[in-house]
């Protein structure tokens, strides 16, 4: 499960992999430069609308952003097990 700082690092890595600047991605997602910078540095957790806008602007799915090396943890902490992504 991604923590706030880990989510920011993940978004930054995906943005850089896509070859975009903070300004370009922020504009495409309809948010400010400072908002994206705060998210990427782990100072702010995006709300659902912002997260979806960023995912859409990157051309990815929510799974692509939240998955950690092919697994996504989704359950109560006491019963958490990794779920493997199915191949289409």
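Contact map, the range 1-30: first residue on the phi < 0 side of the Ramachandran plot and without any contact (Cβ under 8 Å) to a residue 40 or more places away in the chain, second residue part of a helix (DSSP H, G or I) and surrounded by fewer than 16 Cβ atoms within 10 Å (Cβ to Cβ), Cβ cut-off under 6 Å, separation 6 or more or different chains; pairs are 22/33; 23/33; 26/33.
Those residues that are part of a loop (DSSP other than H, G, I, E, B) and either touching a strand residue (DSSP E or B) at 6+ places or on another chain (Cβ under 8 Å) or surrounded by 15 or more Cβ atoms within 10 Å (Cβ to Cβ) (or both), I need them from the range 1-42; list them, please.
Narrowing the range 1-42 to residues part of a loop (DSSP other than H, G, I, E, B): 1-3, 18-21, 30-32, 41-42.
Correct list: 1, 2, 20, 31, 42.
Would the range 56-77 turn up any residue that is part of a helix (DSSP H, G or I), modelled with pLDDT under 90, over 11 Å from the mean Cα position of the chain (by Cα) and exposed (fewer than 14 other Cβ atoms within 10 Å of the Cβ)? Yes - at least one qualifying residue is present in the range 56-77.
The values are calculated or read from the model by the stated rules, or taken from the named source; none is laboratory data. Predicted model only: the values in this text are computed from it and were never measured. No Cβ is skipped: glycine too gets one built from the backbone with ideal geometry, and neighbour counts run over all protein chains shown.
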